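The values are calculated or read from the model by the stated rules, or taken from the named source; none is laboratory data. Keep in mind the model is a prediction, meaning the values are calculated, not measured. Every residue, glycine as well, gets a Cβ built from its backbone with ideal geometry; the counts of neighbours run over all protein chains shown. Accessible surface is based on the protein model in full, side chains and every heavy atom, while ligands, DNA and RNA are left aside. Shrake-Rupley method; radii C 1.70, N 1.55, O 1.52, S 1.80 Å.
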Amino acid sequence: MASVNDNGRDAEPIPGTTLFDGDAAQRGFALNAMCYSFNDAANRAAFRADEDAYLARFALTPEQRLAVQQRDVLGMIAAGGNIYYLAKLAGIFGLNVQDVGALQTGMSVAEFKQMLLDQGKGLNHG
Amino acid sequence: MAEIVGAYFTSHVPAIGGAIHRGDQQEPYWKPFFDGFPRVHEWLAEVKPDVAVVFNNDHGLNFFLDKLPTFAVGAADRYDNADEGWGLPLYKSFAGHAALSWHIIEQLVHDEFDVTTCQKMTVDHALSIPFELAWPGVEEWPVRIVPIAINTVQHPLPSAKRCLALGRSVHRALAGWQGDERIVVIGTGGLSHQLDGARAGFMNPDYDRFCLDNLSRDPDALTAHSIHDIVRLSGTQGVEILNWIAARGALGPGAHEIHRNYHIPISNTAAATLLLEPA
C-alpha cells in the first residue's frame, strides 16, 4: 500500500530513512515505552541489573527483544523504535550518536566521524 | 506597549552542553561554532529582553507517545529540566510568564489553532542549550519564558505552512499584549541532520543555506516543501526547522538579518546560529 504523506500525495520513499509514523508508533509502543522509562535512574539500574527481567516487564515483541539483545539499532527501528527514545537505551550502553550512526551505516566510528567532518570541508562559514 | 526586539535561532545539539560543561569552547572542534556567539551576547546586551517566547520540541522528557500534542503551549510560572535518561547534566529551571502564556493561548485558539495548554511542563535540552549559549554562566536566566512545543517526533507532523501561520498568530498575540515587556522570540534545533537509519549522518548545506537565506526575507518560501520533502532534504531530525519557521512567524511581517553562523559538523548536525531584527 502506498503511503500518503502530509500533503495527501503519494510520497517517494527516502533511501535509508524510516518515517516514524502512526504504523511505527503503534508497532513500537512497548519498545519506546521501555526506553522512556530510562528517564528514571532507578529504571536504568534495574535494566543493568537484570536485562531479561526488565524486557519482560514491558512486553516487548520477540522482534524488539531480539533487536535489543543484539544491540541492533536498525532492527529496533524496524520494530518501531524511535531514535529519541532509543537514545536513552544507547546511553545505558555508553553509546553516543556517532557510535549509533556507525552501527547503522556499517562504518567504524572513526569512519563515521570522518564522514561527518568531510561534509564540512570547503564550506564558507558565516 | 510590549516590544518584540528580535529573534534568536540556534541548534540544540546535546553535545554542545557537554562542551560547555568541559570548557571546550576554544578547542578546534568547537571553536567555529562557539565563535558565532560573541555577537549574540553583544546583541542581547543591547536589546535587553526580559521575556522569551521559545519554539522547541520535546525529546521524550515531558511527552510520551501515549499523549503527543501537535502544538503545546506552556502556561506555568516555572519550568524545570529533569533527567533525560542519557547522561546530560541537569539544567537550571526557568521562570515562566503564565499571564502572557494565556494571552497567547487565547489568540491561538481564536485563530483556530487548537493547542494543548500545559500548566505543568518539563523542558529539555532543546530549551536549556540555546539559553546556556546565549547567557553563559548566569546564575538565573534574565528572561521569563513562554515555551511552545511543536511535535517533530511522530508523523504526521504539522506542515511548514501551518507552523509559520502558528507563529504569525503568536505575533498577533504579542503585538496586542498590553505589558511593557521586551520580548525575544527564539527558535531552536536543526539544521539538517539525521540520527537514524542507514542514511544516518546525512546533512545538506544547500538546503540549510536556502533556509537561512529565506528566513529573513521570504519565510513563505520555506513552506513550499511538504514534511516529506523536508525530511528528504534535511534529514529525519532536520524537521526541527519547523521551530525556526514558527519563530520567524512570531517575529512579525518583516525582518532583516544581523548575524549568521553556520558550521558542519557539531556531533551529527549542521549547526547554525541566526539573529533577526524586525524590519
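Determine, yes or no, whether A:Q70 is open to solvent by 20 Å² or more (accessible area, probe 1.4 Å), over 26 Å from B:S226 (Cβ atoms), facing chain B (nearest Cβ under 9 Å) and not small (G, A, S). No; evaluated as a whole, the condition is false for this residue. For the range B:199-233, a residue qualifies if it is part of a helix (DSSP H, G or I), in contact with a His (Cβ under 8 Å, 6 or more places away or on another chain) and closer than 23 Å to A:Q104 by Cα, and exactly one does: B:L233. Residue pairs whose Cβ atoms lie under 9 Å apart, sitting 6 or more positions apart in sequence or on different chains, and linking a residue in the range B:188-214 that is away from chain A (no Cβ under 12 Å) and farther than 23 Å from A:N96 by Cβ to a partner that is surrounded by fewer than 21 Cβ atoms within 10 Å (Cβ to Cβ) and acidic (D, E), are B:D213/B:E257; B:N214/B:D220.
Conditions (1) within 22 Å of B:A2 (Cα to Cα); (2) among the polar types (S, T, N, Q); (3) more than 14 Å from every other protein chain (Cβ to nearest Cβ), marked per residue:
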site: B:D58; (1), (2), (3): no, no, no
site: B:N62; (1), (2), (3): no, yes, no
site: B:A72; (1), (2), (3): no, no, yes
site: B:Y79; (1), (2), (3): no, no, yes
site: B:A99; (1), (2), (3): yes, no, yes
site: B:D111; (1), (2), (3): yes, no, yes
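Among the residues of this structure, B:A149 counts as one that is in contact with an Asp or Glu (Cβ under 7 Å, 6 or more places away or on another chain) and either within 14 Å of chain A (Cβ to nearest Cβ) or among the aromatic types (F, W, Y) (or both). Report whether or not A:K113 is at the interface with chain B (Cβ under 9 Å from one of its Cβ atoms), charged (D, E, K, R), under 18 Å from B:A15 (Cα atoms) and within 14 Å of the chain's Cα centre (by Cα). So A:K113 does not fit the description; no.
The single residue among A:A53, A:A59, A:A33 that is assigned to a helix (DSSP H, G or I) and either more than 10 Å from chain B (Cβ to nearest Cβ) or at positive phi (or both) turns out to be A:A53.
Residues considered: B:G167, B:G179, B:G201. Of these, the only one that is open to solvent by less than 10 Å² (accessible area, probe 1.4 Å) and farther than 16 Å from B:L251 by Cβ is B:G201. Here is a check on your reading of the model: is B:A272 closer than 16 Å to B:S216 by Cα and part of a strand (DSSP E or B)? Spelling it out, B:A272 is indeed closer than 16 Å to B:S216 by Cα and part of a strand (DSSP E or B). Checked against the criteria, B:L242 counts as more than 9 Å from chain A (Cβ to nearest Cβ) and touching a residue at least 12 places away in the same chain (Cβ under 8 Å). The set of residues in the range B:19-69 being out of contact with any strand residue (DSSP E or B) (no Cβ under 7 Å at 6 or more places or on another chain) and of a type in the set (V, I, T) consists of B:I20 alone.
Each residue in the range B:89-112 was checked for being surrounded by 18 or more Cβ atoms within 10 Å (Cβ to Cβ) and within 19 Å of the chain's Cα centre (by Cα), and 9 of them qualify.
In this structure, is B:S192 open to solvent by less than 10 Å² (accessible area, probe 1.4 Å) and under 28 Å from B:M1 (Cα atoms)? Against the criterion (open to solvent by less than 10 Å² (accessible area, probe 1.4 Å) and under 28 Å from B:M1 (Cα atoms)), B:S192 does not qualify. The residues listed here are A:G28, A:G75, A:G122; of these, the one that is of a type outside the set (A, V, I, L, M, F, W, C) and more than 10 Å from chain B (Cβ to nearest Cβ) is A:G75.
Would you confirm, using the coordinates I've provided, whether B:P38 is surrounded by fewer than 21 Cβ atoms within 10 Å (Cβ to Cβ), touching a residue at least 60 places away in the same chain (Cβ under 8 Å) and out of contact with any helix residue (DSSP H, G or I) (no Cβ under 7 Å at 6 or more places or on another chain)? The answer is no for B:P38. Counting only strands (runs of 3 or more DSSP E) wholly contained in the range B:63-172, the ones carrying 3 or more residues that are among the β-branched types (V, I, T) occupy B:144-150. Please indicate, with yes or no, whether at least one residue in the range B:228-248 is more than 19 Å from B:S11 (Cβ to Cβ) and aliphatic (A, V, I, L, M). Within the range B:228-248, not a single residue is more than 19 Å from B:S11 (Cβ to Cβ) and aliphatic (A, V, I, L, M). Would you tally the residues in the range B:173-192 being charged (D, E, K, R) and in a loop (DSSP other than H, G, I, E, B)? Matching residues across the range B:173-192 total 2.
Looking at this structure, is A:N43 modelled with pLDDT of 95 or more, open to solvent by less than 60 Å² (accessible area, probe 1.4 Å) and not in a helix (DSSP H, G or I)? In short, no.
For the range B:146-164, a residue qualifies if it is surrounded by 21 or more Cβ atoms within 10 Å (Cβ to Cβ) and hydroxyl-bearing (S, T, Y), and exactly one does: B:T152.
Selection of the range A:73-125 for residues being in a loop (DSSP other than H, G, I, E, B) and open to solvent by less than 40 Å² (accessible area, probe 1.4 Å) yields A:A79, A:G80, A:G81, A:N82, A:G120.
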